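FYI, it's all coordinate maths here, none of it is from the lab. Predicted, not measured: the structure shown is a model, and the values here were computed from it. Glycine also receives a Cβ, built like all others from the backbone with ideal geometry; neighbour counts cover every protein chain displayed.
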């Protein structure tokens with residue numbers, strides 16, 4: 001059974017990527033998708049924004065954009081977050097995330 005596609009949304013600021021965070025994990029990686037959200041694991045603790053910064057770096061790397069292009073829009077203190085990625089069309093972001101997820105399998 002294949003996973004449902006990510007629920008990416010195009011906004012005037014860029015592409016909004018829904019993320020479910022797993023802080024204090026074993027790896028720094030995109031680990032899958034569930035319920036339309038991207039599952040990202042980070043070794044960083046959810047303190048002082050460290051996990052959010054680590055997730056933003058992982059997203060920037062996976063999407064091949066500069067780190068300044070990835071901004072946390074909602075969910076700073078929650079496992080469920082929304083990051084906005086500037087400078088990418090929706091179809092390109094979806095393709096790059098699908099490729100990054102395929103590499104983790």
Could you pull out the residue among 15, 65 that is touching a helix residue (DSSP H, G or I) at 6+ places or on another chain (Cβ under 9 Å), in a strand (DSSP E or B) and either on the phi > 0 side of the Ramachandran plot or surrounded by 15 or more Cβ atoms within 10 Å (Cβ to Cβ) (or both)? 15
Could you check, for the stretch 41-51, whether at least one of its residues is over 10 Å from the mean Cα position of the chain (by Cα), surrounded by 13 or more Cβ atoms within 10 Å (Cβ to Cβ) and in a helix (DSSP H, G or I)? yes
Could you count how many residues in the stretch 68-94 are touching a residue at least 24 places away in the same chain (Cβ under 8 Å) and in a helix (DSSP H, G or I)? 4
Looking at 97, 59, 30, 6, which is the one that is in contact (Cβ under 8 Å) with a residue 40 or more places away in the chain and assigned to a loop (DSSP other than H, G, I, E, B)? 6
